[in-house]
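**Student:** One structure follows; several queries about it will come next.
The values are calculated or read from the model by the stated rules, or taken from the named source; none is laboratory data. Every value quoted in this text rests on a predicted model; they were computed, and no experiment measured them. We place every Cβ from the backbone using ideal geometry, glycine too, and count neighbours over all the protein chains shown.
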Amino acid sequence: EIAENWSWVEGVESRARSYARRFPVEFSHGQGSELITADGRRFIDLLAGAGVQALGHAHPRILAAIADEQAPIISSLDLTTSAKVRFLQTFLGVLPKSLEGDAKVHFCGPTGSDGVEAACKLARRVTGRRGLFTFYGSYHGMSQGALSLTASRDARRAGLDARMDVTFCPFPYPFRGKGAWSDPEAAIDLALAHVETLLEDDHSGTDIPAAMIIEAVQGEGGSIVAPPRFLRGLRALCDRFGILLILDEIQAGMGRSGRWWALEHADINPDMMVVSKAVGGGIPMALLVYRKEYDVWEPGDHIGTFRGQHLAFVAGRAVLEEMQESNLVDRVAQMGSRLTQRLQSLVDRYDMAGEARGVGLLQGLELVGRPGLTASEASRTVQARLFERGVVIERGGRDGATLRFLPPLTIPETTLDQAVDLLEQELARL
Ligand code: PMP
């Protein structure tokens, strides 16, 4: 009944988690917010390559930019190229105010995980300390170092991570909070007090870390927004103890939260910021942005073959320019408020819709179980039924109970409405 058991393409199936089993059709192409199969079935894409396709599929500006640049393609490593310089000039123009004029950009890559690894390495080099603090519910990647910062027990099963010196700290999540943790304001106080105690008490068994790494809006963790007061409190603790604050903007950044950078909702200054996914316009790219004073790399400290992705510079610049010229980030904020209202109205009307969360076009609806059906089974069932009705939606968070909305930022209002209508019908049916 559920897509995960389907084996449909010979030789492809394996035991690994795989979207191929969950969405068992062959997509031949995409157009805007839709994925289209070889036999012409159209699906609304609420996944957008996990947030990569900010402008949707096959955006004419990106296609044109890539077509223009195909002939002079240069595989450049870290040589300076015109495409790289032009990309950087545009990218520096969208940085958060607090980094303006005080930012260095290190090309990592090509995956987000590698940007996270680079951030950790640099923070350790700058501070001479080993430890890293991260947070419950976090997702920072799957390479061994990044995996050791990712909170999911399943993902880290059997020591698959490289066991860096990592301390997991509570992240306010009142919906599932126990006791006082279920109160949103108390949860912030408690979470900050926890971190402060770890740092202040020299009998806490925890050394002062090199850095804290956090998502201002947790993505895979279930679309959970870090309260601004929590982020500001962490910033203050980092200042007091000489710890670097790294914002993982890989999923929440690039306009998805309705601001260019999710950290801007809390108005905090990052020491470092990791960017990937949408920044390459669909071509793999990851960047580490950090303050100039932290530029202590020695040549060769963090290198890699594909740090000079010519097409990623070209497509990335097209995305940035298109977003600027079309005021896309403002549109995301408006669309986001509308989506929040609609998801909240589902929570008001359906018992199994537990909590609507998120901001901009990074939102989620956490389902709850009922006798005979767990929250996880409920979300799996809704996902499978929505797929049958032409919607690709991913689940995330604890028990996979959260249905996640991360469509292209350009998704038409009517298309998003249609997807929520279908979701509503499936909730009613449940
Ligand atoms: N950080 C965050 C917040 C992410 O969402 C992801 C990817 N889902 C990563 C890091 C890892 O990026 P990648 O899969 O490109 O390695």
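**Student:** Any chance you could count how many residues in region 143-171 are within 14 Å of the ligand (Cβ to nearest atom) and of a type outside the set (S, T, N, Q)? Spell out the reasoning first.
**Tutor:** Step one: list which residues in region 143-171 are within 14 Å of the ligand (Cβ to nearest atom), which gives 143-152, 155, 161, 171.
Still in the running and of a type outside the set (S, T, N, Q): 145-147, 149, 151, 155, 161, 171.
Selection size over region 143-171: 8.
**Student:** Out of the residues in region 285-306 meeting the condition of being more than 21 Å from ILE213 (Cβ to Cβ) and of a type outside the set (A, V, I, L, M, F, W, C), tell me which one is nearest to the ligand (Cβ to nearest atom).
**Tutor:** Step one: of region 285-306, the residues more than 21 Å from ILE213 (Cβ to Cβ) are 298-300, 303, 305-306.
Still in the running and of a type outside the set (A, V, I, L, M, F, W, C): 298-300, 305.
Values: GLU298: 25, PRO299: 25, GLY300: 22, THR305: 16 Å.
Among them, the one singled out is THR305.
**Student:** Where the second residue is basic (Lys, Arg) and modelled with pLDDT under 95 and the first is under 17 Å from GLY308 (Cα atoms) and lies in region 90-118, which pairs have Cβ atoms under 6 Å and are six or more apart or on separate chains?
**Tutor:** Correct list of pairs: PHE107/ARG307; GLY109/ARG307.
**Student:** Condition (residue is surrounded by fewer than 16 Cβ atoms within 10 Å (Cβ to Cβ) and either part of a helix (DSSP H, G or I) or touching a residue at least 40 places away in the same chain (Cβ under 8 Å) (or both)) applied to region 377-388: is it met by at least one residue?
**Tutor:** So the first thing to find is which residues in region 377-388 are surrounded by fewer than 16 Cβ atoms within 10 Å (Cβ to Cβ), and the list is 388.
With the extra rule that they be either part of a helix (DSSP H, G or I) or touching a residue at least 40 places away in the same chain (Cβ under 8 Å) (or both), the set shrinks to 388.
Scanning region 377-388 turns up at least one residue that is surrounded by fewer than 16 Cβ atoms within 10 Å (Cβ to Cβ) and either part of a helix (DSSP H, G or I) or touching a residue at least 40 places away in the same chain (Cβ under 8 Å) (or both).
**Student:** Also: So which residues in region 74-102 are assigned to a loop (DSSP other than H, G, I, E, B) and either touching a Gly at 6+ places or on another chain (Cβ under 6 Å) or not polar (S, T, N, Q) (or both), if there are any at all? I'd like the intermediate steps shown before the answer.
**Tutor:** Taking region 74-102 and keeping what is assigned to a loop (DSSP other than H, G, I, E, B), we get 74, 76-81, 93-96, 100-102.
Hits for region 74-102 are ILE74, SER76, LEU77, ASP78, LEU79, GLY93, VAL94, LEU95, PRO96, GLU100, GLY101, ASP102.
**Student:** Working only within region 106-142, note down all residues that are in a loop (DSSP other than H, G, I, E, B), at pLDDT 95 or above and within 12 Å of the ligand (Cβ to nearest atom).
**Tutor:** Taking region 106-142 as the starting set, the residues that turn out to be in a loop (DSSP other than H, G, I, E, B) are 109-111, 128-131, 136-142.
If we keep only those that are at pLDDT 95 or above too, we end up with 111, 128-131, 136-141.
Once the filter is applied, which keeps residues that are in a loop (DSSP other than H, G, I, E, B), at pLDDT 95 or above and within 12 Å of the ligand (Cβ to nearest atom), region 106-142 yields THR111, GLY137, SER138, TYR139, HIS140, GLY141.
**Student:** Of all residues in region 260-278, which are of a type outside the set (Ser, Thr, Tyr), within 23 Å of SER326 (Cα to Cα), in contact with a strand residue (DSSP E or B) (Cβ under 7 Å, 6 or more places away or on another chain) and within 11 Å of the ligand (Cβ to nearest atom)?
**Tutor:** ALA262, VAL275
**Student:** Any residue in region 254-279 that's within 27 Å of ARG125 (Cα to Cα) and in contact (Cβ under 8 Å) with a residue 24 or more places away in the chain: show its pairings with residues that are surrounded by fewer than 24 Cβ atoms within 10 Å (Cβ to Cβ) and polar (S, T, N, Q) at Cβ separation under 7 Å, as long as the two are six or more apart or on different chains.
**Tutor:** Listed pairs, sorted by first residue: ASN269/SER98; SER276/THR111.
**Student:** So which pairs qualify, if the first residue must be in region 224-242 and on the phi > 0 side of the Ramachandran plot, the second must be in a helix (DSSP H, G or I), the Cβ gap must be under 9 Å, and the two must be at least 6 apart or on different chains?
**Tutor:** Cβ pairs passing all conditions: GLY242/THR127.
**Student:** What single numbered condition from (1) in contact with a strand residue (DSSP E or B) (Cβ under 9 Å, 6 or more places away or on another chain); (2) within 16 Å of the ligand (Cβ to nearest atom); (3) not aliphatic (A, V, I, L, M) fails to hold for SER345?
**Tutor:** The one condition SER345 does not meet is (2).
**Student:** To continue, here is another question. Which one of these is of a type in the set (Asp, Glu) and closer than 26 Å to ALA401 by Cβ: GLU196, GLU200, GLU215, GLU293? Break it down into steps so the answer makes sense when it comes.
**Tutor:** Working: GLU196 fails: closer than 26 Å to ALA401 by Cβ; GLU200 fails: closer than 26 Å to ALA401 by Cβ; GLU293 fails: closer than 26 Å to ALA401 by Cβ.
None of the others qualify; the one that does is GLU215.
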